[in-house]
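Accompanying notes for the structure given below.
The values are calculated or read from the model by the stated rules, or taken from the named source; none is laboratory data. None of these values were measured; they are calculated from a predicted model. FYI the Cβ positions are ideal-geometry reconstructions off the backbone, even for glycines, and counts take in every protein chain you see. In case anyone asks, the SASA skips ligands and DNA or RNA and just uses the protein heavy atoms, side chains included. Shrake-Rupley method; radii C 1.70, N 1.55, O 1.52, S 1.80 Å.
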Amino acid sequence: MDVLVEKLDAKLREWHPNVAAEVRERISEIIDLADEDLLDIMRSRAVEQEVLDILDEPVSR
C-alpha cells in the first residue's frame, strides 16, 4: 500500500469524527477534479495565501 494511503488511513482513525468526515469530503472533491483533469486550473492554497500576504503589505511610496 502507498505510504500516503497508510498515513491517511491512520489519521482518519485518529482524528475527531467531524474532522475525518471533512477530510474525506475534500479528498473526494480532489479525486473528482483529478478525474476530470481540472487540478491544474484550481488555485492552490499556497498561491491564495501569497496573494493575501501581498494585499496585506503596507503600500510603500
**Item:** Unmet requirement for E22, which otherwise passes all of (1) among the charged types (D, E, K, R); (2) modelled with pLDDT of 90 or more; (3) more than 13 Å from the chain's Cα centre (by Cα)
**Value:** (3)
**Request:** Restrict the check to region 37-50 and report whether at least one residue is at pLDDT 90 or above and loosely packed, with under 10 Cβ neighbours inside 10 Å.
**Result:** no
**Prompt:** Across region 44-60, what is the number of residues that are of a type in the set (D, E) and under 27 Å from I30 (Cα atoms)?
**Reply:** 3
**Request:** Scan L33, L12 and give me the residue that is open to solvent by less than 70 Å² (accessible area, probe 1.4 Å), in contact (Cβ under 8 Å) with a residue 12 or more places away in the chain and part of a helix (DSSP H, G or I).
**Result:** L12
